[in-house]
Amino acid sequence: MHAALHETLAKVDPEIAELIALEEKRQRDKIRLIASENYVSGAVLAATGSILTNKYSEGYAGKRYYEGQQYIDPIEQLCIDRAKAVFGAEHANVQPYSGSPANLAVYFAFLKPGDTVMGLGLPAGGHLTHGWNVSITGAYFKSVQYGVRKDTHRIDLDEVRELARKERPKLLWAGGTAVPRTIEFAAYAEIAKEVGAVFAADIAHISGLVAAGAHPSPVPVADVVSTTTHKTLRGPRGGMIMCKAEHQKAIDRAVFPGLQGGPHNHTTAGLAVALREAQTDQFKQYAHQIVANAKALAAALVEHGWSLITGGTDNHLILADVTPKGIAGKVAAKALDAAGMELNYNSIPFDPRKPFDPSGVRLGTPSVTSRGMREPEMKQIAAWMDAVVSAPTDTGLHERVAGEIRELCAKFPAPGILI
Ligand SMILES: *Cc1c(COP(=O)(O)O)cnc(C)c1O
């Protein structure tokens, strides 16, 4: 945090100031490999931490329910225009509070309770909001879940087509949270068209890659594209829905007044800044380097004898089965965290273990790539990971690795971190 801001905060609330300072140091000193996380720029932080948080602006630009929108309207309009330009979308709604509310708005726009939704099952790498049973989307709608092939662990579009023909969903989701391979949006679009479903692509994880052309875009073929703004897109925490012009009214009405009250204007401004950054050549290089780094990290892990789901990656994300290393996912994740490498334990497709104690770990390269790390560092990270996972109780080793990682991190300053 900027020193002046820290001082202001510390005077009023030393406890929170201290905890934020410690978290900032943690983010500085660790190799952050959680696939859904990133470092936003100082510019995004500045906009997000601004006085825009003071303002109410229910409604949309030019049609608000509160006065004093002289500056909020152009901020939201800039954000919308940039989103449309970055993704080539006909319409963008930038008000969803996060990815899950964005998805819920998609349901509200097109479905009635009890209608059928089809999405990738959570155990196969799908997201809760695509109809998983504990989610409101599984409880209030009739949910049909597709999976991945047992032999390849890849999504089988023939199987998706067959299931869609049988179940006739009103809404078909593509996308997920633990999908290491390219998603074939055009094939989904064809299936949705055949069965008369709305096709929604959830690109929460990969929107930064899509923006930069490092992953094919669903925008030309999908009715609706939802995304978070804080993962590879490197904006503030939030959500966004893009759609064809014909769906603009339904989507806008579903977000407000359907689901939400006032938009978070400070977040909208932060997102506008991130979308401006996403238009630069630097960002394009960044997104392609995320993929290059993930491929390098995956290849290095395979060299160390790791078992990767689908054998590798096409995007920013790697899903590994660590049980062949004689360790469970949670034990591996905790040992790696102690050694300065932060990732999450994760179920693998057809996991014989329980979700709270699964076989796998999930990792990704958006954050380390934001620090400017490249292929040589990925090799080093894989070596550290393998050493730690091979000796999960060797606390001496963990401390030694954590020290080496602090030294490496000092050479790669993280965006937005000033200490
Ligand atoms: C992260 C994610 C979401 C939800 O985002 P939140 O901001 O955590 O609500 C939705 N869909 C997918 C595919 C995601 O990866």
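The values are calculated or read from the model by the stated rules, or taken from the named source; none is laboratory data. Treat the numbers as computed from the prediction; the structure is a model and nothing was measured. Positions of Cβ are generated from backbone atoms using ideal geometry, with glycine treated the same way; all protein chains shown enter the neighbour counts. The accessibility values were calculated without ligands, DNA or RNA, using every heavy atom of the protein model including side chains. Shrake-Rupley method; radii C 1.70, N 1.55, O 1.52, S 1.80 Å.
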**Message:** From the list Gly126, Gly114, exactly one residue is within 14 Å of the ligand (Cβ to nearest atom) and assigned to a loop (DSSP other than H, G, I, E, B). Which is it?
**Reply:** Gly126
**Prompt:** Taking the stretch 197-244, which residues are assigned to a loop (DSSP other than H, G, I, E, B), within 14 Å of the ligand (Cβ to nearest atom) and polar (S, T, N, Q)?
**Reply:** Thr229, Thr232
**Item:** Residue ID - nearest to Gly59 (Cα to Cα), chosen from residues in the stretch 239-253 that are crowded, with 24+ Cβ neighbours inside 10 Å and of a type in the set (A, V, I, L, M, F, W, C)
**Value:** Ile251
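Residues checked against (1) touching a helix residue (DSSP H, G or I) at 6+ places or on another chain (Cβ under 7 Å); (2) without any contact (Cβ under 8 Å) to a residue 24 or more places away in the chain; (3) of a type in the set (A, V, I, L, M, F, W, C):
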site: Leu5; (1), (2), (3): no, no, yes
site: Leu19; (1), (2), (3): no, yes, yes
site: Leu22; (1), (2), (3): no, yes, yes
site: Gln27; (1), (2), (3): no, no, no
site: Arg32; (1), (2), (3): yes, no, no
site: Tyr60; (1), (2), (3): yes, no, no
**Asked** Among the candidates His6, His91, which residue alone is modelled with pLDDT under 95 and surrounded by 17 or more Cβ atoms within 10 Å (Cβ to Cβ)?
**Response** His6
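Could you tell me which residue of the stretch 94-111 is nearest to the ligand (Cβ to nearest atom), considering only residues that are assigned to a helix (DSSP H, G or I) and surrounded by fewer than 23 Cβ atoms within 10 Å (Cβ to Cβ)? Steps first, please.
Of all residues in the stretch 94-111, those assigned to a helix (DSSP H, G or I) come to 99-110.
Going one step further and asking which of them are surrounded by fewer than 23 Cβ atoms within 10 Å (Cβ to Cβ), we end up with 100-101, 108, 110.
Numbers: Ser100: 3, Pro101: 7, Phe108: 15, Phe110: 17 Å.
Of everything passing the filter in the stretch 94-111, Ser100 is nearest to the ligand (Cβ to nearest atom).
Given the criterion outside the structural domain of Gly360 (by TED's automatic domain parsing), over 24 Å from Pro101 (Cβ atoms), without any contact (Cβ under 8 Å) to a residue 60 or more places away in the chain and within 20 Å of the chain's Cα centre (by Cα), identify the matching residue among Glu184, Glu194, Glu162.
On the way: Glu194 fails: within 20 Å of the chain's Cα centre (by Cα); Glu162 fails: within 20 Å of the chain's Cα centre (by Cα).
It is Glu184.
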**Prompt:** Are any residues in the stretch 171-196 in contact with a strand residue (DSSP E or B) (Cβ under 6 Å, 6 or more places away or on another chain), small (Gly, Ala, Ser), open to solvent by 10 Å² or more (accessible area, probe 1.4 Å) and outside any helix (DSSP H, G or I), and if so, which ones?
**Reply:** Gly176
**Message:** Looking at (1) over 24 Å from Gly311 (Cα atoms); (2) in contact with an Asp or Glu (Cβ under 9 Å, 6 or more places away or on another chain); (3) open to solvent by less than 20 Å² (accessible area, probe 1.4 Å), which one does Ala410 not meet, given that it meets all the others?
**Reply:** (3)
**Asked** Does the stretch 267-286 contain any residue that is open to solvent by 10 Å² or more (accessible area, probe 1.4 Å) and within 16 Å of the ligand (Cβ to nearest atom)?
**Response** yes
**Request:** Please go through the stretch 69-88 and pick out each residue that is open to solvent by 40 Å² or more (accessible area, probe 1.4 Å), assigned to a loop (DSSP other than H, G, I, E, B) and free of Cβ contacts under 8 Å to residues at least 40 places away in the same chain.
**Result:** Gln70, Tyr71
**Request:** Inspect all residues belonging to the stretch 123-131 and state whether any of them is surrounded by fewer than 24 Cβ atoms within 10 Å (Cβ to Cβ) and more than 22 Å from Asp351 (Cβ to Cβ).
**Result:** no
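Which residue is farthest from Thr137 (Cα to Cα), if the candidates are limited to the stretch 49-108 and must be small (Gly, Ala, Ser) and in contact with a Pro (Cβ under 7 Å, 6 or more places away or on another chain)? Lay out the reasoning, then the answer.
If we filter the stretch 49-108 for residues that are small (Gly, Ala, Ser), which is where we start, we get 49-50, 57, 59, 61-62, 68, 83, 85, 88-89, 92, 98-100, 102, 105.
Checking which are in contact with a Pro (Cβ under 7 Å, 6 or more places away or on another chain) leaves us with 57, 102, 105.
Values: Ser57: 28, Ala102: 12, Ala105: 11 Å.
Within the stretch 49-108, the match that is farthest from Thr137 (Cα to Cα) is Ser57.
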**Asked** Quick one: how many residues across the stretch 265-303 are over 17 Å from the mean Cα position of the chain (by Cα), among the small types (Gly, Ala, Ser) and closer than 20 Å to Thr48 by Cβ?
**Response** 2
